[in-house]
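Participant: Got a structure here, written out as structure tokens. Questions coming.
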Amino acid sequence: MIATEYKWLVLTVTTVGAFMAAVDENIVFVGLPSVLHELHASLVEGVWVIAGYALSTTILLVAFGRMSDLFGKVKLYILGFATFTVASALCGLSQTGSQLVFFRLIQGIGAALLLVNSVVLVADAFPSYELGTALGLNFMAWNVGAIAGYTLGGFIVQLLGWRFIFFVNIPIGAFGTLWAHARLKETRQAVSEKFDYLGTILYSSGLTLILVALTLEGSSLSLILTLLFVGILAFLIFVAVEKRIAHPALDLELFKIRLFSAGNVASFLNSLAYNSVPFIVTFYLQLVLHLNPLVTGLMFIPMEAVVLFVGPISGRLSDRHGARGLSSLGLVCNAAAIFWISTLHQSSSYSELILALAFFGVGRGLFASPNASSIMSKIPAESRGVANGVRLTLVFTAIVISVPLCLVFMSLAIPYYVLTQIAQGTVTTISETTAFLIALRYALHISAVLVLLAIVPSLLRGQSINRTGPAI
């Protein structure tokens with residue numbers, strides 16, 4: 001039995017990591033137009049400042065999840081804190097768009113170590129009938145960081161410049177690294193199995209090739225198709241290998257657990273819209289309504305404040321009544337909010353946008369912690385690392401794809417080179433602004449449809465009763 005005091009210590013330590021990661025992710029959204037302008041970076045480089053971070057995080061989640069089961073979660077969590085902190089300093093020192101993209105890739109390695117272990121540490125520390133509540137509080141820290149990120153992002157970019165949006169992570173990361181080293185301890189013995197190097201290489205290579213192909217805007221069709229083919233082939237070989245070895249990097253048997261598979265499918269579809277909304281709204285506020293970064297950041301606060309309020313409540317309710325209804329309702333709210341945002345135009349009031357974003361926050365708050373609790377609730381303790389790695393891999397894969405997909409959908413309405421000029425602030429005519437709004441609506445409508453599709457697996461997940469506690 002884990003001491004009650006320690007489970008709350010684990011929750012407190014992991015919230016610092018969640019807070020730091022959220023601050024950094026959302027700060028980048030608000031500061032992106034300034035980064036493009038000062039570094040003379042292209043729109044593709046701007047997309048990779050966001051997508052590159054998520055890409056390096058995504059391809060390493062399953063490997064790091066398996067490593068945490070084999071070598072210990074605490075060691076890797078501390079290493080993640082240190083890596084993220086150093087990479088943040090390097091991002092702030094970047095002199096070109098390419099340098100910033102490279103250092104964001106390193107930052108993503110640290111984020112992968114943090115993310116894959118934080119939920120597992122919480123899952124190990126709390127009994128399953130309290131897991132929804134604990135994850136709700138953990139996600140609440142993420143949303144506090146998101147609020148701080150939007151606010152600090154606008155304030156810092158306006159007064160100090162975009163470089164300090166990365167420097168702000170240094171004191172938080174240094175504190176988190178030292179605190180985790182001093183207070184965390186391994187609560188479960190590491191699994192004595194061999195690490196599946198071949199499976200890990202095949203999986204990482206296949207996922208990398210596929211994600212790179214999906215983010216190569218403007219490249220030749222033959223190159224994109226070649227990368228997709230080789231990536232899919234690597235995945236097929238990976239599946240064949242994993243079925244034949246004793247200790248696979250990814251236990252495919254996990255997908256036979258209904259709560260696990262259905263929750264992950266719903267999460268993947270919903271996450272395709274997760275990054276697209278702040279990405280689109282940021283450009284709408286700064287390039288259509290001509291607001292500065294500070295005001296842009298302030299506009300996002302109601303959305304994150306609502307998530308902050310709703311998240312812990314939904315986690316608590318899911319412990320008592322199950323995740324299916326809450327998660328599905330959250331998806332309905334998300335889709336409705338995205339359709340609402342798509343109706344905005346040059347003359348829309350700030351209050352209308354704030355209400356739409358707040359409603360989007362309601363959906364996020366209702367969906368996140370109940371869905372994560374449902375996914376993790378029936379996973380054996382010795383497989384939680386890799387299971388959480390799979391969960392996060394699907395989320396981050398969708399995040400990596402979401403922004404490039406936005407550009408693809410937007411380019412259906414307006415040429416890509418015009419999108420680049422508008423993003424850099426060099427085109428401001430009324431006709432082009434109108435075309436830009438139409439392009440934004442294309443992306444938002446398709447994102448909303450994807451969220452609606454996520455309702456199907458969410459409803460089909462079913463519910464189970466935990467023998468040691470309430471329904472989960």
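Participant: What about LEU121, is it in the same structural domain as PHE367 (by TED's automatic domain parsing) and surrounded by fewer than 24 Cβ atoms within 10 Å (Cβ to Cβ)?
Facilitator: Judged against the criteria, LEU121 is not a match.
Participant: Also, quick follow-up: What pairs come out if I take residues in the stretch 338-359 that are small (Gly, Ala, Ser) and pair them with residues that are surrounded by 13 or more Cβ atoms within 10 Å (Cβ to Cβ) and not in a helix (DSSP H, G or I) whose C-beta lies under 9 Å away, six or more apart or interchain?
Facilitator: That search, which allows pairs on different chains as well, returns SER348/LEU289; ALA356/LEU344.
Yes or no, residue by residue, for (1) among the aliphatic types (A, V, I, L, M); (2) modelled with pLDDT of 75 or more; (3) more than 17 Å from ASN388 (Cα to Cα); (4) surrounded by fewer than 19 Cβ atoms within 10 Å (Cβ to Cβ):
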site: PHE139; (1), (2), (3), (4): no, no, no, no
site: THR151; (1), (2), (3), (4): no, no, yes, no
site: GLY161; (1), (2), (3), (4): no, yes, yes, yes
site: ILE165; (1), (2), (3), (4): yes, yes, yes, no
site: PRO171; (1), (2), (3), (4): no, yes, yes, yes
site: ALA174; (1), (2), (3), (4): yes, yes, yes, yes
site: LEU178; (1), (2), (3), (4): yes, yes, yes, yes
site: HIS181; (1), (2), (3), (4): no, yes, yes, yes
site: SER192; (1), (2), (3), (4): no, no, yes, yes
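Participant: Ok, one more. Given the structure, is THR296 among the β-branched types (Val, Ile, Thr) and under 19 Å from the mean Cα position of the chain (by Cα)?
Facilitator: Answer is no for this residue.
Participant: Could you look through the stretch 48-74, keep only residues that are touching an Asp or Glu at 6+ places or on another chain (Cβ under 8 Å) and surrounded by fewer than 21 Cβ atoms within 10 Å (Cβ to Cβ), and pick out the one that is nearest to LEU115 (Cα to Cα)?
Facilitator: In this case the residue turns out to be VAL74.
Participant: Testing ALA234 on (1) surrounded by fewer than 19 Cβ atoms within 10 Å (Cβ to Cβ); (2) at pLDDT 85 or above, one condition comes back false. Which one is that?
Facilitator: Of everything listed in (1) surrounded by fewer than 19 Cβ atoms within 10 Å (Cβ to Cβ); (2) at pLDDT 85 or above, ALA234 misses just condition (1).
Participant: Name the helices (runs of 4 or more DSSP H) wholly inside the stretch 277-378 in which the number of residues that are modelled with pLDDT under 80 and either among the hydrophobic types (A, V, I, L, M, F, W, C) or crowded, with 21+ Cβ neighbours inside 10 Å (or both) is 3 or more.
Facilitator: The qualifying helices (runs of 4 or more DSSP H) are 293-321, 350-376.
Participant: Taking the stretch 97-107 as the search range and keeping residues that are surrounded by fewer than 24 Cβ atoms within 10 Å (Cβ to Cβ) and touching a Gly at 6+ places or on another chain (Cβ under 7 Å), which one is nearest to ILE399 (Cα to Cα)?
Facilitator: Checking each candidate, the answer is LEU105.
Participant: Read through the list (1) surrounded by fewer than 24 Cβ atoms within 10 Å (Cβ to Cβ); (2) of a type in the set (Ser, Thr, Tyr); (3) out of contact with any Lys or Arg (no Cβ under 9 Å at 6 or more places or on another chain), then give the number of the only condition that THR12 fails.
Facilitator: Going through (1) surrounded by fewer than 24 Cβ atoms within 10 Å (Cβ to Cβ); (2) of a type in the set (Ser, Thr, Tyr); (3) out of contact with any Lys or Arg (no Cβ under 9 Å at 6 or more places or on another chain) one by one, THR12 breaks only (3).
Participant: Of the residues that make up the stretch 78-99, is at least one within 16 Å of THR200 (Cα to Cα) and of a type outside the set (Val, Ile, Thr)?
Facilitator: no
Participant: From (1) out of contact with any Pro (no Cβ under 7 Å at 6 or more places or on another chain); (2) of a type in the set (Val, Ile, Thr); (3) in contact (Cβ under 8 Å) with a residue 40 or more places away in the chain, pick out the condition that doesn't hold for VAL47.
Facilitator: In the conditions (1) out of contact with any Pro (no Cβ under 7 Å at 6 or more places or on another chain); (2) of a type in the set (Val, Ile, Thr); (3) in contact (Cβ under 8 Å) with a residue 40 or more places away in the chain, VAL47 misses (1) alone.
Participant: Looking at LEU236, is it outside the structural domain of ALA18 (by TED's automatic domain parsing) and either more than 28 Å from VAL418 (Cα to Cα) or within 22 Å of the chain's Cα centre (by Cα) (or both)?
Facilitator: yes
Participant: Then there is this: Restricting to the stretch 237-257, and then to whatever is of a type in the set (Val, Ile, Thr) and within 15 Å of GLY199 (Cα to Cα), can you tell me which residue is modelled with the lowest pLDDT?
Facilitator: Once the filter is applied, the top-ranked residue is ILE245.
The values are calculated or read from the model by the stated rules, or taken from the named source; none is laboratory data. All values reported here derive from a predicted model rather than from experimental measurement. Virtual Cβ from ideal backbone geometry, glycine too; neighbours counted across all protein chains shown.
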